[in-house]
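S.K.: Please find one structure pasted underneath; my questions will follow.
Derivation of every value follows stated rules applied to the coordinates shown; laboratory data play no part. Predicted model only: the values in this text are computed from it and were never measured. FYI the Cβ positions are ideal-geometry reconstructions off the backbone, even for glycines, and counts take in every protein chain you see.
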């Protein structure tokens, strides 16, 4: 039995369903959900800050926060907002072991990169995921950021360095920490394994969700201290500002 026929038989015996609406679908997302949440929704989305990807007024390049207090990273690309129902994709990947969703997120991120003017001009020289600490990695069994980074790197044709940055201090999840304490929670949490790899280069950092941006800011600061010329974030979902 050839591979195409095998997949067809397998689909008939074990039909796949859309991760959002539950309809029978050959893809992770059915065509209707893909169009609704990544087609029409993107066309209606407001302009984004080129630095942190928060919404800005039409014609503005940066948000007020990034102008007043510039992060260590230079640019952020996101595929969607972290809001119902798309937040369920993140939760299913992170806590439900639905690793197939990582490939979907990578595809949507790659499409967002193609639409992004800054990235179209200069893709990163290398990609790395936001690392998990050893305890959380052991509990979960995988790093969701790395699972997204693998297919994204292949799609963009960019080299992936899975262990470029290590988390040397276990931290509480940023989402569980009060905003006023998030910077202290993540401070000193990262170290670079091979500094020579980043000197003078454009580094792309991949993650599933960006909330306050504190984790990505801390990672970018470490990369810049070791000579990275530019740091861009590639994040599936961005939490809207409150």
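S.K.: Once R0 is set to 22 Å, what does the formula 1/(1 + (r/R0)^6) return for the Cβ-Cβ distance between residue 136 and residue 100, expressed as a FRET efficiency to the nearest 0.05?
M.R.: Values: r = 21 Å, r/R0 = 0.98.
Approximately 0.55, to the nearest 0.05.
S.K.: Also, quick follow-up: Contour minus end-to-end for residue 70 and residue 183, with contour as 0.36 nm per residue of separation and end-to-end as the Cα-Cα distance?
M.R.: On the way: separation 113, 0.36 × 113 = 40.68 nm, distance 1.44 nm.
Full-extension gain reported as 39.2 nm.
S.K.: Counting only DSSP beta bridges with both residues in region 86-242, what percent are antiparallel, rounded to the nearest 5? Could the numbers behind the result be given before it?
M.R.: On the way: 3 of 17 bridges.
Looking only at bridges with both residues in region 86-242, the antiparallel portion is about 20 percent.
S.K.: Also: Which angle from 0 to 90°, rounded to the nearest 10, does the C-alpha axis of helix 214-225 make with the longest principal axis of the chain?
M.R.: Relative to the chain, helix 214-225 is tipped by roughly 60 degrees.
S.K.: With n ≥ 4 as the cut-off for DSSP H runs, can you work out [θ] at 222 nm for the chain, using -39500 (n - 2.57) per run divided by the number of residues, rounded to the nearest 500? Don't skip to the end; give the middle numbers.
M.R.: Working: 10 runs with 89 residues, N = 242.
One gets -10500 deg cm²/dmol as the mean residue ellipticity at 222 nm.
S.K.: Using a Gaussian network model of the chain whose springs link C-alpha atoms within less than 10 Å, name the residue from 164, 192, 137 with the highest mean-square fluctuation.
M.R.: Looking only at 164, 192, 137, the largest GNM fluctuation is found for 137.
S.K.: What do you get for the angle between helix 87-96 and the principal long axis of the chain? Use alpha-carbon atoms, 0 to 90 degrees, nearest ten.
M.R.: The answer is roughly 90 degrees.
S.K.: Quick one: which of 87-93, 106-112 comes out on top by average Cβ neighbours within 10 Å, and what's the full order, highest first?
M.R.: Values: 87-93: 17.9, 106-112: 20.6.
The most tightly packed comes first, giving 106-112, 87-93.
S.K.: As I understand it, the value is the acute angle between the Cα axis of helix 100-115 and the longest principal axis of the Cα atoms of the chain; what does it come to in degrees, rounded to 10?
M.R.: 60 degrees
S.K.: Based only on other Cβ atoms within 10 Å, what is the fewest-to-most ordering of 209, 158? Working shown, then result.
M.R.: Details: 209 21, 158 18.
Sorted ascending by nearby Cβ count, the order is 158, 209.
S.K.: Now for a different question. For the residue pair residue 16 and residue 194, what label-to-label distance in nm results when each label sits 7 Å from Cα along the Cα-to-beta-carbon direction?
M.R.: 3.3 nm
S.K.: Follow-up question, since we're still on this one. Express the C-alpha Rg of the chain as a ratio against the empirical globular expectation 2.2 N^0.38 Å, rounded to two decimals. Kindly include the intermediate steps, with their values, before the conclusion.
M.R.: Working: Rg = 18.3 Å, N = 242, 2.2 N^0.38 = 17.7 Å.
Normalised by 2.2 N^0.38 Å, the Cα Rg of the chain equals 1.03.
S.K.: Sticking with this structure for a sec: Could you tell me what a quarter of the Cα convex hull surface of region 130-172 works out to, in nm² with one decimal place?
M.R.: That works out to 3.1 nm², a quarter of the Cα hull's surface.
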